[in-house]
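Notes for the one structure printed next.
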Amino acid sequence: MTTSATAPPRAPGAAAAAPAAAPRLRRRLAGLVLLLAVLALCAVLSVAVGSRAIAPAEVWRTLLAPDGGEASTIVHALRLPRTLLGVVVGAALGVAGVLMQSHTRNPIADPSLLGVAYGAACAVVLSVFLLGLTDLSAYVWSAIGGALAASVAVFAIASGGSRGPTPMTLLLAGAAMTALLSAITSAVVLLDERSLEVYRFWRVGSLSGRPAGVTDQILPFIAAGLVLAAAGARGMNALALGDDVATALGHRVRLIRASGVAAIALLAGASVAATGPIGFVGLVAPHAARAVTGPDHRWLVPYAALCGAALVLAADVAGRVVRGSGEVEVGIVLAVLGGPFFIALVRRKRLVEL
Amino acid sequence: MSAPARTRRSPARPPRSADALNRPALRIGPASWPWRPRAALVCLAVTVLLAAAFLRALVAFDSADVGLAEVTAVLLGGGDPGQRFIVWELRMPRALTGALVGAALGLSGAILQSVARNPLASPDTLGIGWGAAIGAVAVIVLGGSAGGVSGAAAQFGVPAGAIAGGLAAALAVFGLSWRSGVHSNRLLLVGIAVSLTCANLVYWLMTWTDLDSAARAQTWVTGSLHAADWDRAGAAAVTLAVLIPAALAAGRALGALGLGDDAARGLGVRVDAARLVLLAVSALLVCVATSAAGPINFVALAAPQIAMRLCRAAQPPPAASMLLGGALTLVADQLAAGLFAPTQLPVGVFTAVLGAPYLMYLIVLRHREARL
């Protein structure tokens, strides 16, 4: 009865939706091009700006033809690797944020807010302390394992009884986990000088002073994570309708969830192993992306990757510019800028009632 | 927080309406307190524990050959000058700072949890401790570059900076979570965001300065009692001597406030004024504690909850929480120092390792009660 009553008005609406999809597609494509342009601009700034002033023309010349001079060394050995690392880590964190927000159905999820990043950091310090690993290619595995363990633990604690986790319990469990893991980490560091050498980078995330070749070493893991995330995009769209509906639509819910958790661990673990915990990228990038794309994960994932990369590069450049000598780590810049964003989010959403 | 009387999972209680009516009262002039034998017993036991921990702290932290007998002699006025120096100048400041800081944190946590009516509210989750750390580190760093922090700057500047920073953070948290009333969950979310931002601002401030000031600032950030001296212990003791009686006096309104705003008004409590005073006092307590020892995590969270369960009270009892906070901090400091000897871990590390799982347990518990 009701279906027949609502059917006639719906039919023209569905017909109108087809032409309406074209402008939306155009808008999304335009947004993608714009984001690529912003990312390119950030990358150019990241190569051109630094504490050692080098004229843009000089940067351009050494970029095309390395001559082994001082400027050339700075550009090729310091600024280019740093920019690449920023792009990779930013994209990884942005996508990890999308995955965490979608799988927990929680708008305030972020790898560092929920303690996942500190799980990776703590695992790295412990493996340096207990096993004597000193090479990134060795301890990137423990970082991924730590990220996995921490995300499962936080989710289990926040779920508590029979009901699912709420944003409130997830965030509190994440804060408790962060406090516990950073305390363990600082205890280990105080007991063991060798771990301190590794740990100094972990308290606040930083792109500078990382060993050469670090980007190459984490790239396979992050690529695997990105592929998993892209492959699961369709499934996450279905999951947004609820587990039952997704099952009815023919999606394998457990598989989607498992691949999502694996992708989060790969992306967050590998990026923390390379740079230390950089907070709030996974929070801000998905929200910025969602403002343009809407909830469709097939667009959301690439948008968030580009947003995250641009955000990390911009914050890194800002940290270099904000003081004359020395620089502010990218993790600090992002936390100081991301805190107000987070508060605005908490005030705007009917979050606390969830 | 509109829910009516909460159902806590406490041990089965006998119906005690008749018992409550017959309970004798303790009257001093116009003031009166209900006489609760169990609470009094708990306070007594915790005081004994505190005294024991304090005495133990006086022999714990160095290898000088001054044992318990000598310490007791010195405390009673005897001992030779060398022993008096070791006890009074080296060991007493650390023990005293630990007890005072812990007491301030326990009391402040009890007040905050009662006012917010949420066991998860504490200076750690509300960002007040990190706000105070910003103030203290700013004084160290900015004063340091102008010729080193010492004398008046260390004795008054650092506590003043901590109080300014902590109050600013408290105001920011309450102001930002205000949307036609403060919802206690929104308060916690905003508090976590503010404490993250403040923590990173502290790390940023520490990059502004030379290594020496940064190392000194580091002791604030980890929350340790290693560097306690009479400068800090004295400043903390003087301020706490004013604040603790004020808090205990203001805490008399807590019982009425716990019944809900309307009932409290009906009992003659000026609700808004009382709540403002209580929040201000508890924020000040945290600031003073933080300026003396840095942010020591989770004491303010755990001590009131444990005291509440020990007393079988409906609300965290202020006096018992205060005593228990002092005892817990002293015990934690000794364990942290002794566990991995000769390396002495900062007490803040140890309280976090013990307290964070407790917070997780509370989250699970609250969630089971379907109240979060």
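With respect to (1) away from every other protein chain (no Cβ under 14 Å); (2) within 23 Å of residue A:187 (Cβ to Cβ), the lone exception for residue A:112 is condition (1). Among what's in the stretch A:164-180 and is more than 7 Å from chain B (Cβ to nearest Cβ) and in a loop (DSSP other than H, G, I, E, B), pick the residue that is modelled with the lowest pLDDT. Only one residue tops the list, namely A:164.
The set of residues in the stretch A:266-310 that are under 30 Å from residue A:125 (Cβ atoms) and touching a Lys or Arg at 6+ places or on another chain (Cβ under 9 Å) comprises A:274, A:275, A:276, A:277, A:304. For the stretch A:142-163, the set of residues classified as of a type in the set (Val, Ile, Thr) and either modelled with pLDDT under 80 or surrounded by fewer than 22 Cβ atoms within 10 Å (Cβ to Cβ) (or both) consists of A:152 only. Does residue A:260 count as closer than 20 Å to residue A:108 by Cβ, part of a loop (DSSP other than H, G, I, E, B) and small (Gly, Ala, Ser)? Answer is no for this residue. Of all residues in the stretch A:209-239, those satisfying the criterion of being surrounded by fewer than 17 Cβ atoms within 10 Å (Cβ to Cβ) and modelled with pLDDT under 85 are A:209, A:211, A:212, A:213. Whether a residue is within 12 Å of the chain's Cα centre (by Cα), assigned to a loop (DSSP other than H, G, I, E, B) and either in contact (Cβ under 8 Å) with a residue 60 or more places away in the chain or surrounded by 24 or more Cβ atoms within 10 Å (Cβ to Cβ) (or both) was assessed, and residue A:308 does not pass this test. Could you go through the stretch B:301-311 and let me know if any residue there is touching a helix residue (DSSP H, G or I) at 6+ places or on another chain (Cβ under 8 Å), among the charged types (D, E, K, R) and either within 14 Å of chain A (Cβ to nearest Cβ) or farther than 22 Å from residue B:162 by Cβ (or both). For the stretch B:301-311, residues touching a helix residue (DSSP H, G or I) at 6+ places or on another chain (Cβ under 8 Å), among the charged types (D, E, K, R) and either within 14 Å of chain A (Cβ to nearest Cβ) or farther than 22 Å from residue B:162 by Cβ (or both): absent. Annotation: of all residues in the stretch A:249-284 being among the aliphatic types (A, V, I, L, M) and within 14 Å of chain B (Cβ to nearest Cβ), the one that is nearest to the chain's Cα centre (by Cα) is A:281.
For residues that are surrounded by fewer than 16 Cβ atoms within 10 Å (Cβ to Cβ) and of a type outside the set (Lys, Arg), scanning just the stretch A:45-57, find the one that is farthest from residue A:318 (Cα to Cα). Among residues in the stretch A:45-57 that are surrounded by fewer than 16 Cβ atoms within 10 Å (Cβ to Cβ) and of a type outside the set (Lys, Arg), the one farthest from residue A:318 (Cα to Cα) is A:57. Would you confirm, using the coordinates I've provided, whether residue B:355 is out of contact with any Phe, Trp or Tyr (no Cβ under 7 Å at 6 or more places or on another chain) and assigned to a helix (DSSP H, G or I)? No, not satisfied.
Okay, residues lined up against (1) at pLDDT below 90; (2) surrounded by fewer than 24 Cβ atoms within 10 Å (Cβ to Cβ):
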| residue | (1), (2) |
| --- | --- |
| B:105 | no, no |
| B:111 | no, no |
| B:125 | yes, no |
| B:152 | yes, yes |
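Pairing residues of the stretch A:263-284 that are in a loop (DSSP other than H, G, I, E, B) with residues that are surrounded by fewer than 24 Cβ atoms within 10 Å (Cβ to Cβ) and of a type in the set (Phe, Trp, Tyr), at Cβ distances under 8 Å and at least 6 apart in sequence or on separate chains, gives A:276/A:201; A:280/A:341.
Of all the listed residues (A:290, A:298, A:347), the sole one being surrounded by fewer than 21 Cβ atoms within 10 Å (Cβ to Cβ), within 14 Å of another protein chain (Cβ to nearest Cβ) and not hydrophobic (A, V, I, L, M, F, W, C) is A:347. Here residue A:133 qualifies as in a loop (DSSP other than H, G, I, E, B), over 18 Å from the mean Cα position of the chain (by Cα) and either among the aliphatic types (A, V, I, L, M) or closer than 18 Å to residue A:170 by Cβ (or both). Selection of helices (runs of 4 or more DSSP H) fully inside the stretch B:212-311 by the criterion of at least 1 residues being among the β-branched types (Val, Ile, Thr) returns B:230-250, B:271-293, B:299-311. Taken as a whole, the stretch A:125-141 holds no residue that is within 14 Å of chain B (Cβ to nearest Cβ), surrounded by 18 or more Cβ atoms within 10 Å (Cβ to Cβ), at pLDDT 80 or above and within 21 Å of residue B:361 (Cβ to Cβ). Here B:101, B:87 are screened, and the one residue that is hydrophobic (A, V, I, L, M, F, W, C), in a helix (DSSP H, G or I), buried (at least 22 other Cβ atoms within 10 Å of the Cβ) and modelled with pLDDT under 85 is B:87. Among residues of the stretch B:165-181 being more than 7 Å from chain A (Cβ to nearest Cβ), without any contact (Cβ under 8 Å) to a residue 40 or more places away in the chain and surrounded by fewer than 24 Cβ atoms within 10 Å (Cβ to Cβ), the one that is farthest from residue B:297 (Cα to Cα) is B:180. Filtered by the rule that a residue be aliphatic (A, V, I, L, M), more than 29 Å from residue A:328 (Cα to Cα) and assigned to a loop (DSSP other than H, G, I, E, B), the stretch A:208-247 gives A:240, A:241.
Does the stretch B:331-345 include one or more residues that are assigned to a loop (DSSP other than H, G, I, E, B) and touching a residue at least 12 places away in the same chain (Cβ under 8 Å)? Yes, some residue in the stretch B:331-345 is assigned to a loop (DSSP other than H, G, I, E, B) and touching a residue at least 12 places away in the same chain (Cβ under 8 Å). Set side by side, the residues A:250, A:205 differ, and just one is over 20 Å from residue A:96 (Cβ atoms), outside any helix (DSSP H, G or I) and of a type outside the set (Phe, Trp, Tyr), which is A:250. Taking the conditions (1) over 25 Å from residue B:331 (Cβ atoms); (2) free of Cβ contacts under 8 Å to residues at least 40 places away in the same chain; (3) part of a helix (DSSP H, G or I) in turn, residue B:198 satisfies each one other than (2). Can you pull out every residue in the stretch B:52-63 that is more than 30 Å from residue B:318 (Cβ to Cβ) and exposed (fewer than 15 other Cβ atoms within 10 Å of the Cβ)? B:62, B:63, listed by residue number.
The values are calculated or read from the model by the stated rules, or taken from the named source; none is laboratory data. Nothing here was measured: the structure is a model prediction, and the numbers come from that model. Cβ atoms come from the backbone with ideal geometry, glycine included; neighbour counts cover every protein chain shown.
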